[in-house]
1. Among the listed residues Leu35, Leu79, identify the single one that is touching a residue at least 12 places away in the same chain (Cβ under 8 Å) and either among the β-branched types (Val, Ile, Thr) or within 26 Å of Val18 (Cα to Cα) (or both).
2. For the range 135-147: of the residues being outside any helix (DSSP H, G or I) and of a type outside the set (S, T, N, Q), which is surrounded by the fewest Cβ atoms within 10 Å (Cβ to Cβ)?
3. Can you list residue pairs whose Cβ atoms sit under 9 Å apart, with the first residue in the range 113-134 being farther than 18 Å from Leu78 by Cα and outside any loop (DSSP other than H, G, I, E, B) and the second being at pLDDT 95 or above and of a type in the set (Gly, Ala, Ser)? Count only pairs 6 or more apart in sequence or on different chains.
4. Take the residues of the range 188-199 that are touching a strand residue (DSSP E or B) at 6+ places or on another chain (Cβ under 9 Å) and more than 16 Å from Asp242 (Cα to Cα): which is surrounded by the fewest Cβ atoms within 10 Å (Cβ to Cβ)?
5. Within the range 17-32, restricting attention to residues that are in a helix (DSSP H, G or I), among the hydrophobic types (A, V, I, L, M, F, W, C) and touching a residue at least 40 places away in the same chain (Cβ under 8 Å), which residue is surrounded by the most Cβ atoms within 10 Å (Cβ to Cβ)?
6. Specify the residue that is surrounded by the fewest Cβ atoms within 10 Å (Cβ to Cβ); the eligible residues are those in the range 156-165 that are without any contact (Cβ under 8 Å) to a residue 60 or more places away in the chain and within 23 Å of Gly263 (Cα to Cα).
7. How many residues are more than 19 Å from Leu270 (Cα to Cα) and surrounded by fewer than 17 Cβ atoms within 10 Å (Cβ to Cβ) if we restrict to the range 102-116?
8. Taking only the range 79-112 into account, find how many residues are of a type outside the set (Gly, Ala, Ser) and assigned to a helix (DSSP H, G or I).
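The values are calculated or read from the model by the stated rules, or taken from the named source; none is laboratory data. These numbers were taken from a predicted model, which means no experiment stands behind them. Cβ coordinates were reconstructed from backbone atoms using ideal geometry, including for glycine residues, and neighbour counts include every protein chain displayed.
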Amino acid sequence: MAQIIDGKAVSAAVKNEVAAEAARLRDEKGLKVGLAVVIVGSDPASRVYVNNKKKACEAVGFQSFEYALEESTTQEQLLDLVNVLNRDDRVNGILVQLPLPKHIDEKAVINAISPAKDVDAFHPENVGRIMIGEYSFLPCTPAGVMRLIESTGTDITGKQCVVIGRSNIVGKPQAMLLLQKNGTVTICHSKTKNLKEICLGADILVVAIGRANFITGDMIKEGAVVIDVGMNRLDNGKLCGDVEFESAEKKASFITPVPGGVGPMTIAMLMKNTLTAAKQQAGIE
């Protein structure tokens, strides 16, 4: 039976580290850390995420600047705001909550954010830096996954690592981070053949495909570390991941639950990225 990887406990440890460092820099250097979060429209899930980010800022001692814009906001108006925030010295990190309304080009907005303040690490410059291993920020979810794997004491070197999902936000950067830790990485997706066979070879399995209970216990190698990035709501209202937990738990050595696994890590790593940005902008090593 697998040990449960407690994302709430690991994320609390990350936030405590960030809060202690932020307090020290405030006392010793007079550095105040600020995160600007922009939300366009009234998507309920986005509103929950933004509120959680605001609470996290308060918990670690950051200033939080929220910009709630109407659904009818034009792309030009949003880009103007991003440019203002790029120049605002109080703002160390800028996060534009996705998804945006359909009339706004997400790529144009991401590209407009200064790479130095891009704490989501979505800007092409930061993506390129991740590819060559010379990055300042890591995308928050993949960085959180790495911290969860680390918490198990697993050495990634030489392990067979399988990532299911190839999104720019999770799958692709996740593969790069595992590769940089000397894992042997296979990326699978909706067109992959022999998926079960590939999964059964995985010492570390990261699932981010967005399909409820897609990976079942008979697809998991005995003793594998299983990280479930998925978050799906079933017809009965319950949340579940991309991994069928009950059968997977019988095979894995470590497994993340949903909720309470990867989810809490994303905001914790966002706080860590924002602190890193503030230090770099202030010229502090």
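1. Values: Leu79 fails: either among the β-branched types (Val, Ile, Thr) or within 26 Å of Val18 (Cα to Cα) (or both).
Unique residue meeting the criteria: Leu35.
2. Initial filter on the range 135-147 (outside any helix (DSSP H, G or I)): 135-139.
Still in the running and of a type outside the set (S, T, N, Q): 135, 137-139.
On the way: Tyr135: 20, Phe137: 27, Leu138: 23, Pro139: 29.
The selected residue is Tyr135.
3. Between residues of the range 113-134 that are farther than 18 Å from Leu78 by Cα and outside any loop (DSSP other than H, G, I, E, B) and residues that are at pLDDT 95 or above and of a type in the set (Gly, Ala, Ser), the close pairs are Ala116/Ala277; Val127/Ala121; Arg129/Ala121; Ile130/Ala121.
4. Residue satisfying both the conditions and the ranking: Thr192.
5. First, the residues of the range 17-32 that are in a helix (DSSP H, G or I): 17-29.
Narrowing further to those that are among the hydrophobic types (A, V, I, L, M, F, W, C): 18-20, 22-23, 25.
Narrowing the set further to residues that are touching a residue at least 40 places away in the same chain (Cβ under 8 Å) leaves 18-19, 22, 25.
Values: Val18: 25, Ala19: 16, Ala22: 21, Leu25: 19.
Of everything passing the filter in the range 17-32, Val18 is surrounded by the most Cβ atoms within 10 Å (Cβ to Cβ).
6. The first filter runs over the range 156-165 and keeps only residues without any contact (Cβ under 8 Å) to a residue 60 or more places away in the chain, leaving 156-163.
Now restrict to residues that are within 23 Å of Gly263 (Cα to Cα): 156, 161-163.
Values: Ile156: 21, Cys161: 25, Val162: 27, Val163: 32.
It comes out as Ile156.
7. Selection size over the range 102-116: 6.
8. Taking the range 79-112 as the starting set, the residues that turn out to be of a type outside the set (Gly, Ala, Ser) are 79-92, 94-107, 109-111.
When the remaining residues are screened for being assigned to a helix (DSSP H, G or I), the result is 79-87, 106-107, 109-111.
Matching residues across the range 79-112 total 14.
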